[in-house]
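K.L.:
The structure is given below, and queries will be raised subsequently.
The values are calculated or read from the model by the stated rules, or taken from the named source; none is laboratory data. For clarity, every value in this text was computed on a predicted model and none was experimentally measured. So basically every Cβ, Gly included, is an ideal-geometry build from the backbone, and we count neighbours across all protein chains shown.
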Amino acid sequence: MFQIVFNEISAAEMSALPTELQLELLAEFQSLPEEVEKADPEQFGKIERDGRSLFRYRVNDYRIYFEKAAEGLTVHRVLHRNTIRDFLFRASLPMPSEDGELAGQRKFWQLIDEGKASGASAKTH
């Protein structure tokens, strides 16, 4: 069975959204391609560091950061696109290669790992 697991932070980020938007974002996960690595790069990005692969999924104005897991996906963050743009601006990163630049930034990985420290708590399928 394919599961989508939200850690505490990503679950809180989702629950802060209006219910209709939550359902819309979750519905998008039903149409994920089996091989995310080969999917449309406009919608999916891949961020790698130290042997770890994190995917960015663009849905409307949101960026969902997740990892593949044996049971499905682990969602680390659900962020409005302006949040990432603000982060890139504050970090003085060039905009053209967003995923490549994020992969090299320690602060980005700290943002992702905040949820890992709290453990995975919310599940959907």
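K.L.:
Applying the selection to segment 1-29, what residues are polar (S, T, N, Q), surrounded by fewer than 18 Cβ atoms within 10 Å (Cβ to Cβ) and part of a helix (DSSP H, G or I)?
P.N.:
Once the filter is applied, which keeps residues that are polar (S, T, N, Q), surrounded by fewer than 18 Cβ atoms within 10 Å (Cβ to Cβ) and part of a helix (DSSP H, G or I), segment 1-29 yields SER15, THR19, GLN22.
K.L.:
Here is a follow-up. Going by the conditions given, is LYS116 at pLDDT below 85, assigned to a helix (DSSP H, G or I), out of contact with any helix residue (DSSP H, G or I) (no Cβ under 7 Å at 6 or more places or on another chain) and under 21 Å from GLN3 (Cβ atoms)?
P.N.:
yes
K.L.:
Considering (1) more than 15 Å from the chain's Cα centre (by Cα); (2) at pLDDT 70 or above, say which one GLU67 fails and leave the rest.
P.N.:
Here GLU67 clears every test but (1).
K.L.:
Next question. Answer yes or no: is there a residue in segment 82-89 that is in a loop (DSSP other than H, G, I, E, B) and either over 12 Å from the mean Cα position of the chain (by Cα) or modelled with pLDDT of 80 or more (or both). Spell out how you get there, then give the answer.
P.N.:
So the first thing to find is which residues in segment 82-89 are in a loop (DSSP other than H, G, I, E, B), and the list is none.
Looking through segment 82-89, none of the residues is in a loop (DSSP other than H, G, I, E, B) and either over 12 Å from the mean Cα position of the chain (by Cα) or modelled with pLDDT of 80 or more (or both).
K.L.:
Right, next: Write out, first by first residue and then by second, each pair whose Cβ atoms fall under 7 Å of each other, whose residues are 6+ apart or on separate chains, and whose first residue, in segment 52-68, is surrounded by 21 or more Cβ atoms within 10 Å (Cβ to Cβ) while the second is among the polar types (S, T, N, Q).
P.N.:
Between residues of segment 52-68 that are surrounded by 21 or more Cβ atoms within 10 Å (Cβ to Cβ) and residues that are among the polar types (S, T, N, Q), the close pairs are TYR57/GLN43; PHE66/THR74.
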